[in-house]
Amino acid sequence: MQVNIILLAAGKGQRFQDSAPNQVGCDAIKQLANIDGKPLIVSSIDKLQPLLEHSDVNILYVTLGANKNVIKTRLPAEISIIASQHWSQGMGHTLAESVQSIKAHSSHVLIALADQALISTDHYQALLCASKKQPNKIIATLCDGQLMAPAIFPEKYFPQLIKLQGDKGAGQLLKQHALQKDAIGCAKAKLDIDTLADLEQVRQELKHSQQENNLH
């Protein structure tokens, strides 16, 4: 297996900006929102980087679009960046561009979303282990009966990923190929950060988890 990871972080986050009209500068950029003392996008990267210790995992790519130059300055120096040229046309276009750029040296791609801030390294590891056992199947996340990212796609699905357009992301393919997938449950996958209220909920969840860990 040659697994490459794509962390999608190209969107403008318009709903986040609209929900925080008094924020200015970096505070208004969703990818740079403060999560547990670090930018949201860096928090997501930190949870994915342990997967690079697996011999089957090659590179962690971060796909940027809106506010690309500002966000780049906050990323670890070793991170590989995919610059989306059509991010404004929706996640489908961004995902298609990303897969197109890495398909030549990939047997599988793990697609993750930067704003799913509560996804743990353990869940990513579980997806990877399931993919190694069933390399020909899509391995998706299951939450409230819905298939979603993060998900791992074998290369036979790359042609369909590359054809995605508009706002239709990987979820469309997960529905189409429900019989050719396996799924791992993750209740925390349902909370992604779209608004300032979502951000505050994530902060409270993380604070609660840390308090529980301290008690143990």
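The values are calculated or read from the model by the stated rules, or taken from the named source; none is laboratory data. Values in this document were obtained by computation on a predicted structure and should not be read as measured data. For neighbour counting, all protein chains shown are included, and Cβ atoms are generated from backbone atoms with ideal geometry for every residue, glycine included. Note: accessible area is taken over every heavy atom of the protein model, side chains too, but ligands, DNA and RNA are not part of it. Shrake-Rupley method; radii C 1.70, N 1.55, O 1.52, S 1.80 Å.
Exactly one residue among LEU51, LEU60 is assigned to a helix (DSSP H, G or I) and within 15 Å of the chain's Cα centre (by Cα), and that residue is LEU51. The residues of region 68-77 that are open to solvent by less than 60 Å² (accessible area, probe 1.4 Å) and either without any contact (Cβ under 8 Å) to a residue 40 or more places away in the chain or part of a strand (DSSP E or B) (or both), listed by number, are LEU75, PRO76.
Need pairs with beta-carbon distance below 6 Å; first residue more than 18 Å from LYS47 (Cα to Cα) and of a type in the set (D, E, K, R) and within region 194-210, second open to solvent by 70 Å² or more (accessible area, probe 1.4 Å) and modelled with pLDDT under 90; sequence gap 6+ or separate chains. These pairs meet every condition: ASP194/ARG15. Specify the residue that is modelled with the highest pLDDT; the eligible residues are those in region 1-34 that are farther than 13 Å from ILE71 by Cβ and part of a loop (DSSP other than H, G, I, E, B). Looking at the filtered set, the residue picked out is GLN2.
When region 1-17 is limited to residues that are surrounded by fewer than 16 Cβ atoms within 10 Å (Cβ to Cβ) and in contact (Cβ under 8 Å) with a residue 40 or more places away in the chain, the one that is farthest from ASP194 (Cα to Cα) turns out to be GLN2. If you go through region 158-182 and keep only what is within 13 Å of GLN100 (Cα to Cα), under 18 Å from the mean Cα position of the chain (by Cα) and either without any contact (Cβ under 8 Å) to a residue 24 or more places away in the chain or in a helix (DSSP H, G or I) (or both), you end up with PHE158, LEU161, ILE162.
The number of residues in region 98-115 that are touching a helix residue (DSSP H, G or I) at 6+ places or on another chain (Cβ under 9 Å) and under 27 Å from LYS38 (Cβ atoms) comes to 8.
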